[in-house]
């Protein structure tokens, strides 16, 4: 009986904490989210990095995430020397972000997607964006410095929205 009371008390305290402080906001590489894939037949190598985000519970903002070899769960070193090939967006589970929100992948303040991530963060379907130059693409972009992932929700931001972004490099 004492254990049951302790269990119920813990549940109540956690519930109160969650209600009082909300979800906050975060963007982070998923645990074990930096993976290397080898194709023995062709010899090609692909690197896929999965990022999870949670929008702020009061204003819906999503913090930028700088990706480099110091980022938590980046386990295969720097991104320098890789080429960004594809960005996949999945926001279909949990609290979904505002329809037609935007994603940007910056390097030295230049959007490697060249605007191809505008309206790609969607609450009704998975989406993909490809790097481009002068709005054409796909055009794989070389990585020479840190990458900054920015997600901007549309005008009426959804508080505590969640999603997953996968960056694919070759």
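Residue by residue through segment 141-170, note down the ones that are surrounded by fewer than 16 Cβ atoms within 10 Å (Cβ to Cβ) and modelled with pLDDT of 90 or more.
The answer is 142, 144, 145, 170.
Would segment 83-93 turn up any residue that is more than 15 Å from the chain's Cα centre (by Cα) and either outside any loop (DSSP other than H, G, I, E, B) or surrounded by 14 or more Cβ atoms within 10 Å (Cβ to Cβ) (or both)?
So in segment 83-93, the residues more than 15 Å from the chain's Cα centre (by Cα) come out as 83, 85.
Remaining after also requiring either outside any loop (DSSP other than H, G, I, E, B) or surrounded by 14 or more Cβ atoms within 10 Å (Cβ to Cβ) (or both): 83, 85.
Yes, segment 83-93 contains at least one residue that is more than 15 Å from the chain's Cα centre (by Cα) and either outside any loop (DSSP other than H, G, I, E, B) or surrounded by 14 or more Cβ atoms within 10 Å (Cβ to Cβ) (or both).
For the structure I just gave you, tell me whether residue 106 is closer than 27 Å to residue 36 by Cβ, surrounded by fewer than 18 Cβ atoms within 10 Å (Cβ to Cβ) and either touching a helix residue (DSSP H, G or I) at 6+ places or on another chain (Cβ under 8 Å) or modelled with pLDDT of 95 or more (or both).
Details: closer than 27 Å to residue 36 by Cβ: yes; surrounded by fewer than 18 Cβ atoms within 10 Å (Cβ to Cβ): yes; either touching a helix residue (DSSP H, G or I) at 6+ places or on another chain (Cβ under 8 Å) or modelled with pLDDT of 95 or more (or both): yes.
Yes, satisfied.
When residue 111 is evaluated against the numbered criteria (1) in contact with a strand residue (DSSP E or B) (Cβ under 7 Å, 6 or more places away or on another chain); (2) within 16 Å of residue 30 (Cα to Cα); (3) free of Cβ contacts under 8 Å to residues at least 12 places away in the same chain, which criterion, by number, is the only one it fails?
The number of the failed condition is (2).
Would you confirm whether any residue within segment 151-164 is in a strand (DSSP E or B) and farther than 22 Å from residue 57 by Cα? Explain how you work it out, then say what you get.
First, pick out the residues of segment 151-164 that are in a strand (DSSP E or B): 151-152, 162-164.
Narrowing further to those that are farther than 22 Å from residue 57 by Cα: none.
Checking segment 151-164: not a single residue is in a strand (DSSP E or B) and farther than 22 Å from residue 57 by Cα.
So which residues in segment 94-107 are part of a loop (DSSP other than H, G, I, E, B) and within 13 Å of the chain's Cα centre (by Cα)? Step through it out loud before you land on a result.
If we filter segment 94-107 for residues that are part of a loop (DSSP other than H, G, I, E, B), which is where we start, we get 94-100.
Matches in segment 94-107: 97 only.
Is there any pair linking a residue in segment 120-141 that is in contact (Cβ under 8 Å) with a residue 40 or more places away in the chain to one that is surrounded by fewer than 17 Cβ atoms within 10 Å (Cβ to Cβ) and not in a loop (DSSP other than H, G, I, E, B), with Cβ under 6 Å and at least six apart or on different chains, and which?
So the pair list comes out as 128/88; 140/83.
Quick one: how many residues across segment 126-139 are in a loop (DSSP other than H, G, I, E, B), within 16 Å of the chain's Cα centre (by Cα) and surrounded by fewer than 16 Cβ atoms within 10 Å (Cβ to Cβ)?
The qualifying residues number 1.
Could you tell me which of the residues 40, 61 is closer than 29 Å to residue 95 by Cβ and assigned to a loop (DSSP other than H, G, I, E, B)?
Numbers: 40 fails: closer than 29 Å to residue 95 by Cβ.
Checking each option against the conditions leaves just 61.
Filter segment 109-125 down to the residues that are modelled with pLDDT of 90 or more and part of a loop (DSSP other than H, G, I, E, B) and list them by number. Before you say what the answer is, go through the steps one by one.
Pass one, segment 109-125, residues modelled with pLDDT of 90 or more: 109-121.
Result: 109, 112, 113, 114, 115, 116, 117, 118, 119, 120.
Could you tell me which numbered condition residue 79 fails, if it satisfies all but one of (1) crowded, with 19+ Cβ neighbours inside 10 Å; (2) touching a strand residue (DSSP E or B) at 6+ places or on another chain (Cβ under 9 Å); (3) within 15 Å of residue 151 (Cβ to Cβ)?
With respect to (1) crowded, with 19+ Cβ neighbours inside 10 Å; (2) touching a strand residue (DSSP E or B) at 6+ places or on another chain (Cβ under 9 Å); (3) within 15 Å of residue 151 (Cβ to Cβ), residue 79 is out only on (3).
The values are calculated or read from the model by the stated rules, or taken from the named source; none is laboratory data. Note that the structure is a prediction, hence the values are computed from the model and not measured. All Cβ positions, glycine included, derive from the backbone under ideal geometry; neighbour counts span all protein chains shown.
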